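Engineer: First the structure, then my questions, so here it is.
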Amino acid sequence: MLNAPAAPTYQSVNASVAPINAADNDARGAALQFLGNLAAEISSGTVDLPCFPDIVIRIRNALTDPKSTPEKNVTIVGAEPRLSARLLQTANSAAFNPSGRPLTDLRTAITRLGHQLVQSAAMAFAVQHMKEEESLRSIAKPMTELWRESISVASICQVVARRTKVSPDEAFLTGLLHGIGRLYIMVRAVGKFNSAASSDAFFELIAGWDASIGKTVLENWGFAEEMSNAIGDQRDIERKRKHDADLSDILIVGIALAEAMHLPPPRVVDVESIASFATIGLSAQDCATIMTHAEYQLGSLQDALGC
């Protein structure tokens, strides 16, 4: 969804909740209170994502540390055999190894993928790990659906980025992480709202919060400002820039085209209603070409990063 509802609203630093209609039931009020508390907690610098493997953050820190060495990166990744297997599988997949030349050592796999795609593979490992946790079984299905959506958005972002000055690999990782706020809210809601945490009504309720919460989570994890801002801007369909298209524009377009891919043909994209299409310079025909390209590589991406 691109349009945030009028209520509730949330800013990443100062949380604000729109007035609750008197007709709203107790469950909705409790959910709003939960979201407000969660937003305030994250804004204070506390990020608590149960069952999320900390090795993902350690890998990210190592990859972005200029003093880190390839040997250190291999040591960190190699400490988790399942993650090592995931990286090798990803590096050997059709999506990231068009030559078809197989590799078996971790260092070459990390070099082949590059830092952004190594982090993408690590996130795939993290989501799989979380799905297998007994305590999160009640939201396994929506987590799977969110991850599939994220792969679609990432695929489109990568294709769109090639028409700009933005790194396609950085755009791919941003697309993959665009739902981190939704994931965070779902996981933290388990045990508090039971089945409501995986219901459509709950997802509608959190739609005005997940982008800002996702932005703040990435800021706390030390992700680049451009990526964190893009996550926060993902529903700003009126966003206009005077200069070159940036990561935020790519993500906004990526989400819109991923949603359009679910439509029956002929799929018509209203490029006039979202400013980022004009910023990037995409016509309706360009969008059709991008969606076709993304669909073509989606199968191999699902094999590489699906869970």
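The values are calculated or read from the model by the stated rules, or taken from the named source; none is laboratory data. Nothing here was measured: the structure is a model prediction, and the numbers come from that model. FYI the Cβ positions are ideal-geometry reconstructions off the backbone, even for glycines, and counts take in every protein chain you see.
Engineer: Could you tell me which numbered condition residue 145 fails, if it satisfies all but one of (1) closer than 26 Å to residue 248 by Cβ; (2) free of Cβ contacts under 8 Å to residues at least 12 places away in the same chain; (3) part of a loop (DSSP other than H, G, I, E, B)?
Structural biologist: The one condition residue 145 does not meet is (3).
Engineer: Does any residue in the range 237-249 that is over 17 Å from residue 269 (Cβ atoms) come within less than 7 Å, Cβ to Cβ, of a residue that is of a type outside the set (Lys, Arg) and in a loop (DSSP other than H, G, I, E, B) six or more places away or on a different chain, and which pairs are these?
Structural biologist: Note: pairs meeting the criteria are 244/164; 246/166; 247/166.
Engineer: Look through 208, 222, 299, 306 and report the one residue that is surrounded by fewer than 23 Cβ atoms within 10 Å (Cβ to Cβ) and in contact with a strand residue (DSSP E or B) (Cβ under 7 Å, 6 or more places away or on another chain).
Structural biologist: Checking each option against the conditions leaves just 208.
Engineer: What pairs come up if the first residue lies in the range 111-129 and is without any contact (Cβ under 8 Å) to a residue 40 or more places away in the chain, the second is assigned to a helix (DSSP H, G or I) and of a type outside the set (S, T, N, Q), and their beta carbons are under 9 Å apart, counting only those six or more places apart or on different chains?
Structural biologist: 112/91; 113/87; 113/91; 113/121; 113/169
Engineer: Could I ask something else about it? Mind listing whichever residues of the range 271-288 are of a type outside the set (A, V, I, L, M, F, W, C) and either surrounded by 13 or more Cβ atoms within 10 Å (Cβ to Cβ) or in contact with a strand residue (DSSP E or B) (Cβ under 7 Å, 6 or more places away or on another chain) (or both)?
Structural biologist: 276, 279, 286
Engineer: What pairs can you find where one residue is in the range 37-58 and within 13 Å of residue 181 (Cβ to Cβ), the other is surrounded by 12 or more Cβ atoms within 10 Å (Cβ to Cβ) and of a type in the set (Lys, Arg), and their Cβ atoms are less than 7 Å apart, with a gap of 6+ or different chains?
Structural biologist: What qualifies is 38/188.
Engineer: Name the single residue, out of those in the range 165-189 being touching a helix residue (DSSP H, G or I) at 6+ places or on another chain (Cβ under 6 Å) and among the β-branched types (Val, Ile, Thr), that is nearest to residue 205 (Cα to Cα).
Structural biologist: Filtering first and then ranking leaves 185.
Engineer: Something else about it: What pairs come out if I take residues in the range 263-290 that are within 17 Å of residue 237 (Cβ to Cβ) and pair them with residues that are acidic (Asp, Glu) and part of a helix (DSSP H, G or I) whose C-beta lies under 7 Å away, six or more apart or interchain?
Structural biologist: Every condition considered, the pairs that remain are 276/249; 279/249; 280/249.
Engineer: If you take the residues of the range 82-104 that are touching a Phe, Trp or Tyr at 6+ places or on another chain (Cβ under 8 Å) and of a type in the set (Lys, Arg), which of them is nearest to residue 294 (Cα to Cα)?
Structural biologist: So, considering only residues that are touching a Phe, Trp or Tyr at 6+ places or on another chain (Cβ under 8 Å) and of a type in the set (Lys, Arg), the one nearest to residue 294 (Cα to Cα) is 86.
Engineer: If you don't mind, there's one more thing I want to ask. Only residues in the range 71-89 that are more than 17 Å from residue 57 (Cβ to Cβ) and modelled with pLDDT of 90 or more count as the first member; pair them with residues that are β-branched (Val, Ile, Thr) and not in a helix (DSSP H, G or I), Cβ under 8 angstrom, at least 6 apart or cross-chain, and list the lot.
Structural biologist: 88/104
Engineer: From 163, 137, grab the single residue that is surrounded by fewer than 21 Cβ atoms within 10 Å (Cβ to Cβ) and in a loop (DSSP other than H, G, I, E, B).
Structural biologist: 163
Engineer: Among the residues of the range 166-180, which ones are among the polar types (S, T, N, Q), more than 8 Å from the chain's Cα centre (by Cα) and not in a loop (DSSP other than H, G, I, E, B)?
Structural biologist: none
Engineer: If you take the residues of the range 251-270 that are out of contact with any Ser or Thr (no Cβ under 7 Å at 6 or more places or on another chain) and part of a helix (DSSP H, G or I), which of them is surrounded by the most Cβ atoms within 10 Å (Cβ to Cβ)?
Structural biologist: Ranking the qualifying residues of the range 251-270, first place goes to 254.
Engineer: (1) surrounded by fewer than 24 Cβ atoms within 10 Å (Cβ to Cβ); (2) modelled with pLDDT of 90 or more; (3) closer than 19 Å to residue 82 by Cα: which one isn't true of residue 121, the others all being true?
Structural biologist: Of (1) surrounded by fewer than 24 Cβ atoms within 10 Å (Cβ to Cβ); (2) modelled with pLDDT of 90 or more; (3) closer than 19 Å to residue 82 by Cα, only one is false for residue 121: (1).
Engineer: Something else about it: For the range 291-307, enumerate the residues that are assigned to a helix (DSSP H, G or I) and in contact (Cβ under 8 Å) with a residue 40 or more places away in the chain.
Structural biologist: Passing the criteria: 291, 293, 294, 297, 298, 300, 301, 302, 303, 304, 305.
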